[in-house]
Every structure is written in structure tokens, then in C-alpha cells.
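Each reported figure results from applying straightforward, stated rules to the coordinates on display, with no laboratory input. Since the structure is predicted, the reported quantities are computational estimates derived from the model, not experimental observations. Cβ coordinates were reconstructed from backbone atoms using ideal geometry, including for glycine residues, and neighbour counts include every protein chain displayed.
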Amino acid sequence: MTHSPLSDMVIVLGALWLALRMLREHRLSVATLWFLPLIMVALILIQWQVWTAGPRPAIALAGFVSGLVAGLPLGALTYVRSESTIGAVVLKGTALTILLWPGIVVLFALARRAVDARGDGVASELLTLAFIAFIVGMTLSMRAWLHRAYRRDTAPAARHLP
């Protein structure tokens, strides 16, 4: 399975668009915060038989766990402000967060191109599977971190007992 330079360019430009979008503050409702991860999980469940054949479960699990670990610092590096009166979170990426997202996508595109150049379709498919699982794990843990920050900011002040 090979990719054209155009599809690689679209992937990289999409990552750059997301990174530039993160430069501005943007508001998400708490429910919307979980919309993208739920869509990702639903798409994986639809294709479940593809994920469970041969070595794929171990590769997907390794990618997912790696993504969970990578998402926590990305969440910590994102500026979060809560607007509890309307149940929204205001997010703005830091410079490091903005560099990491497209950097991860570019690394995947380069690795995919190198694997495709060898003509190994199975390795290419497994690399894609690991990348998808990584992105899902990273998105889930990053959103969990952001939700935690929102809950921390909106929690009522602790009462001191006499």
C-alpha cells in the first residue's frame, strides 16, 4: 500500500492547520471536549475485526499505551481556562504543544514513506495501525488532562470544618 506525495502533503498540511489553530484561544463545551475521542473510538469499534487479527492487537496496544503517555504532557502544556457559567473550556496551545503535533505527524509520514519504499505492505499497514492507536491514546489522555483541569478550576472551594 503506497501513498502519493499529494496525500502526504495533505496530511502534513492538516497537521499544520491544527497547530496554527491552536495558537488562538478557542472555546469548547465540556461535552464537545469528548466528541472527537468518542468518534475515534467508534471508528475503531466499527473496524474491530481489522484490529484483532495476527500481531495487530499487540501493536495497537503498544501504540495506544505510548499515545496515553505522550498525551499527558501535551495536556499539561495546553493553557486551560474554564468558563463555568456556560460550561465551557477555553484552550490555547503553548509553543511546544504546537510544535509537537505536526512533528508527530511528519515523523509518521517520513516513516511511512521509508517503509513504502521498501515495498513491505504488511509493515506499512502495521505502522499505520500503531500510528492510529497512538493518536487515539494521545487524544484520550490529553482530553482527560484538560477535563481534569476544567474540573479543578470549577470545583467549589474546600470548606474548613471547625
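Rounded to the nearest 500, the helix-only mean residue ellipticity at 222 nm of the chain stands at -24000 deg cm²/dmol, with each DSSP H run of n ≥ 4 adding -39,500 (n - 2.57). Put a plus charge on the Cβ of each Lys and Arg, a minus charge on the Cβ of each Asp and Glu, and nothing anywhere else: the dipole of segment 27-154 about its Cα centre is then about 300 debye. In degrees from 0 to 90, rounded to the nearest 10, what is the angle of the helix 95-118 Cα long axis to the longest principal axis of the chain? Long axis of 95-118 versus the principal axis of the chain: about 10 degrees.
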